[in-house]
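First the structure, in the form of structure tokens, and then the observations on it.
The values are calculated or read from the model by the stated rules, or taken from the named source; none is laboratory data. This structure is a prediction, so every number in the text was calculated from the model and none was measured. Virtual Cβ from ideal backbone geometry, glycine too; neighbours counted across all protein chains shown.
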Amino acid sequence: MILRASYGTIQKVNGKSSLEMDTAYFMLGERCVYNCLYCAQSRSSTSPSHFLSRVIWKEIPEDLLDELNDCFKRICIQVVSYAGYREDLRSIIPRFRIPVSVSVRAISVEEVTEYFKLGADRVDIAVDVPNETLFEKIRGGKYERHLHILEKAAEMFPGKITTHVIVGLGESDKDIVDFTVWAKERNIVVSLFAFTPIRGTAFENRERPSLERYRKIQLVTYLLEKNLMKPENIIFDSNGKIIDVEWSDEFPEEALKTRGCPHCTRPYYNESPRGPIYNVHWR
Ligand code: SF4
């Protein structure tokens, strides 16, 4: 089993970080069987195997896991889909005494059920690309099937399912808004990420989304999630780009912050400390 912790997690455990970070982040495995074109761990990527997004992950001994229960409020395990990952999760999940989020490309509802039985608090099934054509081109596999698993898992484990959306993979603003509404109706938490080009991936030369666009998406998704706005209050152009929102109050600061499972802050996951900061991790 190859288990890595994010650099920030290790610094925190060693008392060398003052970042507000209540979640410890782990990556289980390396080199995925899937080939998501933006991902450092994908089958065809030539990125070093200790990368996921722009974060460096360091291999850790398994006995470090027991120390973490006192340092953090949540554990997040990012699972790379390699042969045998389910077996390894069976041995890791029960070791924690604090809530565990398992982020995994689950292939069935039975798989999701197993993680909850093992003691997981939440399961994240990342959609990443909320557009059928682009999903199938960029991630591979059937979009409809992916949404079906997400939907069924949310029905069986109400309020316990998270998904990820990456802004900047060719989708329109409307794709993200429509998906947010779909997820909210099913009580699925949507966590936003900004696309980050990683050397060695097929998308290494693509641009990040503009900060202006990202702020717009943060605002509308936040307002929709909090029932402060209806989809009808968002005005799109013919390409699905948001051109206006019927919202006259100030920009709510909360909308800028990292959203997702409770206590998830993901410091500098998408951004360099030099900025621009997409998801604000400090409280
Ligand atoms: S929202 Fe945060 S804690 Fe939850 S699965 Fe995603 S990265 Fe992990």
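Observations on the structure shown:
- The residues of the stretch 239-254 that are free of Cβ contacts under 8 Å to residues at least 60 places away in the same chain and either at positive phi or within 16 Å of the ligand (Cβ to nearest atom) (or both) amount to a single one, E254.
For every residue, the table says whether it meets (1) in contact with a Cys (Cβ under 6 Å, 6 or more places away or on another chain); (2) crowded, with 18+ Cβ neighbours inside 10 Å; (3) modelled with pLDDT under 95.
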residue	(1), (2), (3)
I198	no, yes, yes
F203	no, yes, no
R208	no, no, no
V220	no, yes, no
L223	no, yes, no
E232	no, no, no
S238	no, no, no
S248	no, no, yes
R283	no, no, yes
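- Verdict on W247 being closer than 23 Å to R74 by Cα and assigned to a loop (DSSP other than H, G, I, E, B): no
- From the options S81, S45, S101, S91, residue that is of a type outside the set (V, I, T) and in a helix (DSSP H, G or I): S91
- Residue count for the stretch 51-65 under the criterion of being modelled with pLDDT under 80 and either under 14 Å from R31 (Cα atoms) or not hydrophobic (A, V, I, L, M, F, W, C) (or both): the result is 6.
- Looking across I93, I138, I107, I176, one residue alone is surrounded by fewer than 18 Cβ atoms within 10 Å (Cβ to Cβ), more than 12 Å from the ligand (Cβ to nearest atom), of a type in the set (V, I, T) and modelled with pLDDT of 95 or more. It is I107.
- Hits in the stretch 179-221 (condition: more than 16 Å from the ligand (Cβ to nearest atom), over 18 Å from F236 (Cβ atoms) and of a type in the set (A, V, I, L, M)): I198, A202, L211
- Selected residue (criterion: farthest from A83 (Cα to Cα)) from residues of the stretch 110-119 that are out of contact with any helix residue (DSSP H, G or I) (no Cβ under 6 Å at 6 or more places or on another chain), surrounded by 15 or more Cβ atoms within 10 Å (Cβ to Cβ) and not hydroxyl-bearing (S, T, Y): F116
- I217 vs. criteria within 25 Å of H50 (Cα to Cα) and either aliphatic (A, V, I, L, M) or not in a loop (DSSP other than H, G, I, E, B) (or both): no
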